[in-house]
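This report refers to the structure that appears directly beneath it.
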Amino acid sequence: MNEDVAEFIRLAREGHAPISREERKAIANHIKYLRIRARDPEYYTRRRRMERRNRKGLE
């Protein structure tokens with residue numbers, strides 16, 4: 001195994017892996033998505049999206 005890869009894996013397991021701003025943002029967005037899904041499993045269904053879109057248009 002490449003030493004750089006081994007070092008990255010070691011740091012990642014310790015929670016200190018260098019990640020970019022985009023990767024941090026993607027992780028944060030995914031965590032938000034998982035929290036919404038845990039609270040309301042049907043939040044992202046087509047029917048619910050249409051309900052939200054229709055409510056938004058009526059205001």
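Give me the pairs, please: first residue somewhere in the range 20-39 and on the phi < 0 side of the Ramachandran plot, second residue anywhere and modelled with pLDDT under 95, beta-carbon distance under 6 Å, and either six or more positions apart or on two chains.
Matching pairs, first to second residue: Ile36/Tyr43.
Does Ala6 satisfy being over 22 Å from the mean Cα position of the chain (by Cα) and either open to solvent by less than 70 Å² (accessible area, probe 1.4 Å) or not aromatic (Phe, Trp, Tyr) (or both)?
Yes, satisfied.
Tell me which of these Ala38 doesn't satisfy, since it passes every other one: (1) among the small types (Gly, Ala, Ser); (2) within 15 Å of the chain's Cα centre (by Cα); (3) surrounded by 11 or more Cβ atoms within 10 Å (Cβ to Cβ).
Every listed condition holds for Ala38 apart from (3).
Would you be able to tell me the number of residues in the range 17-35 that are at pLDDT 95 or above and over 11 Å from the mean Cα position of the chain (by Cα)?
0
So, in the range 13-43, how many residues would count as being β-branched (Val, Ile, Thr) and more than 25 Å from Arg53 (Cβ to Cβ)?
Total meeting the criteria: 2.
The values are calculated or read from the model by the stated rules, or taken from the named source; none is laboratory data. Everything quoted here is computed from the prediction, not taken from an experiment. Please note: Cβ atoms are built from the backbone with ideal geometry, for glycine as well, and neighbour counts cover all protein chains shown. The protein model used for the area step is the full one, side chains on, heavy atoms only, and it has no ligands, DNA or RNA in it. Shrake-Rupley method; radii C 1.70, N 1.55, O 1.52, S 1.80 Å.
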